[in-house]
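The values are calculated or read from the model by the stated rules, or taken from the named source; none is laboratory data. A quick note: this is a predicted structure, and the numbers were derived from the prediction, not measured. Please note: Cβ atoms are built from the backbone with ideal geometry, for glycine as well, and neighbour counts cover all protein chains shown.
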Amino acid sequence: MLCPMPLSSLWQRVRHLDLEEQILNISAFVAAIGVFFPWAGGQLLGSDTVTYSGLGFYSAFLGIAVLIINVFLILVTFVPLFGGPVLLKKQYKEHIRFFLSMQSTVLILAALSVLMKVTFEFSRMEVRFGVYVSLIASLVVLLYSFLRLQEQRKTSVEQFFRYPDEHAPASEDVMEPSNIPPPPPPLEPEDHHLHNR
């Protein structure tokens with residue numbers, strides 16, 4: 001009976017994230033899960049049919065690196081969300097996430113090139129769907145981390161140019177046209193009579 005409460009709390013906290021943040025983290029999760037799916041399979045040197053995940057075969061080190069990177073990208077969001085320490089400072093967060101997502105994409109492309117070279121050498125081996133799942137998810141993470149980085153840059157530029165307005169003295173508010181009292185009505189002209197001599 002205690003399980004539904006933490007799950008509902010988890011769901012509420014995830015729902016309060018920005019849509020871009022949700023897509024980025026879901027994609028990082030899919031990229032990490034894709035490492036456990038088959039990346040290569042077939043018959044190698046007359047052996048029985050074998051299947052290798054991203055953590056096996058010639059691309060094992062690349063798969064491990066992709067898994068670590070994407071798990072870290074998820075932890076960057078979720079550890080502070082549940083009361084843990086902030087893993088990356090706010091000013092560096094988007095830059096580091098963009099760099100790591102780029103590294104993940106490059107590593108998957110490198111693994112794919114290794115797997116394709118093996119399939120050319122061994123005709124009964126083929127590239128399986130897991131590497132494509134990780135690649136597509138990693139590209140989505142790269143796209144949304146880039147969008148988040150651009151948004152952070154735009155916000156910092158706006159804050160830079162908005163800085164004087166936010167800290168302007170209160171007396172300037174009085175000078176707004178809506179706060180200026182109307183001018184007093186004109187005075188009637190005075191009568192000056194000339195005396196005849």
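Overview of values
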item	result
Filtered residues of the range 127-154 (kept if over 13 Å from I33 (Cβ atoms), of a type in the set (S, T, N, Q) and surrounded by 15 or more Cβ atoms within 10 Å (Cβ to Cβ))	S145, Q152
Any pair with Cβ under 6 angstrom, 6 or more apart, that starts in the range 112-126 at a residue that is surrounded by fewer than 18 Cβ atoms within 10 Å (Cβ to Cβ) and ends at one that is in a helix (DSSP H, G or I)	E126/T119
Pick from the range 35-87, criterion more than 16 Å from V141 (Cβ to Cβ), aliphatic (A, V, I, L, M) and touching a Lys or Arg at 6+ places or on another chain (Cβ under 7 Å), ranking: surrounded by the fewest Cβ atoms within 10 Å (Cβ to Cβ)	L81
Residues that are assigned to a loop (DSSP other than H, G, I, E, B), within 19 Å of Q150 (Cα to Cα) and hydrophobic (A, V, I, L, M, F, W, C), drawn from the range 73-101	L88
Out of V50, V66, V35, V71, sole residue that is modelled with pLDDT of 90 or more, in contact with a strand residue (DSSP E or B) (Cβ under 8 Å, 6 or more places away or on another chain) and either closer than 29 Å to R128 by Cβ or among the aromatic types (F, W, Y) (or both)	V35
